[in-house]
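The next block holds one structure in the form of structure tokens; read it before the comments.
Laboratory data are not the source of any read-out in this text; all were calculated from the coordinates shown. Here the structure is a predicted model, which is why all the values come from computation and not from measurement. Note: ideal-geometry Cβ built from the backbone for every residue, glycine included; neighbour counts use all protein chains shown.
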Amino acid sequence: MNEVKIRAYDYQNDEMIYGVGITPESDTSIPYKVNDEDESFQNFSYYPESVWLPSAGVKDKEGLEIYEGDVLYHPMQGKREVYYPFMEHVASFGLRNVENGMAGTLSDSHIYEIIGNIYENPELLGGE
């Protein structure tokens, strides 16, 4: 089986931690924050003040791995935020249009370019 790719944003140190992952052979479980009410990620001892961001398992047009929280860009479609899950009953990644909030599933990832993420580049969502 393949490794589960996850990165984490460490709020305490204000940095993205790459290369976090587990394999089916390991006994490590990675808690994942699904929503604001779920605080299970705080039980993980290595990075207690972090949010875990799974890989979508696809790459952008430059060959970079796409993770939840990335902001993608396409000249004709604008900026899109990657989020998970797309719907409560659908285990897929979604894309939310930054300009109007319209959402759809992440497909044709190879036409987009990663321009940042919502943790290190919040200004990409129109905020400060």
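Structure data summary
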{"item": "Around R80: net Lys/Arg minus Asp/Glu count, Cβ-Cβ under 14 Å", "result": "-4"}
{"item": "Net +/- balance of residues flanking G116 in space, Cβ distance below 13 Å, scoring K and R +1, D and E -1", "result": "-4"}
{"item": "Surrounding net charge for N100, when Lys and Arg each add one and Asp and Glu each subtract one, Cβ distance under 15 Å", "result": "+1"}
{"item": "Nonlocal amide H pairs with Y112, under 5 Å, H built at 1.01 Å", "result": "K61"}
